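A.B. asks: Can you keep this structure in mind? I'll have questions shortly.
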Amino acid sequence: MKKVILTTAAIFLLAGTALALPVPVVDFASSAFSAVHNQQTATVAYGGVNYTFTAYPKGAKLTWNPGPAGGVDGIGINDDEISGAILDQNDELLKIGFSKPLYVTGIYITDLFKENGYLEEGLYSLQYTSGVWSNWISFQADPSQVAGTTNGELFIALLDPTNLLGLKFTTPDYCNSLLDLRNDFSVRGIDVPEPASMLLLGAGLIGMAALGRKKFIR
């Protein structure tokens, strides 16, 4: 019985560890999403979910880019990245909608660098199952991501993982009067773990442990 309980605890620990690691469960850089390229809006069916991508402003086109050799990019706009412009004038924005609620725990960004001492920035917004959008949330390049030496990869772990209906991405230029064309990035994917199977297995082992204990007492 003791061995079963220890095994159960170990499985839960491993499950928690695995879920804590950033794994691109839905990777927009994969060829499954290549059909969005050069479209203003496009829907891709993947893993039982329809993902709808829309590029802004009017006339903008989505860009799908698997990245350079050995690298990854994902979804961008026009020049393969979501770029800053002038407040309310040609600001690029990417909207992604899900056909059903997804439990999102993190977001993957690429092409976000430290260039000439400047840390590139971006913004994202979450659409909750109520349909309401969150305020814009900022993110910034890691100082170690120096242009020309890395892919500018950044994993953003959501502080309060929850079920979402969509995401939006843009640059600080969209929200304030900053004019800085250095801000640009691509959206690589989202982290959508599926812990249900591990929890079910853990519950089953707990049940076995309980039955073993009852039998032992008899």
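Derivation of every value follows stated rules applied to the coordinates shown; laboratory data play no part. A quick note: this is a predicted structure, and the numbers were derived from the prediction, not measured. Quick reminder, even Gly has a Cβ in these numbers, built from the backbone with ideal geometry, and neighbours come from all protein chains shown.
A.B. asks: Against the condition farther than 18 Å from Asp91 by Cα, among the β-branched types (Val, Ile, Thr), touching a residue at least 40 places away in the same chain (Cβ under 8 Å) and buried (at least 17 other Cβ atoms within 10 Å of the Cβ), how does Val36 come out, does it pass?
C.D. replies: The answer is no for Val36.
A.B. asks: So, one more: Determine if region 99-109 includes at least one residue that is surrounded by fewer than 16 Cβ atoms within 10 Å (Cβ to Cβ) and in a loop (DSSP other than H, G, I, E, B).
C.D. replies: The answer is no; no qualifying residue exists.
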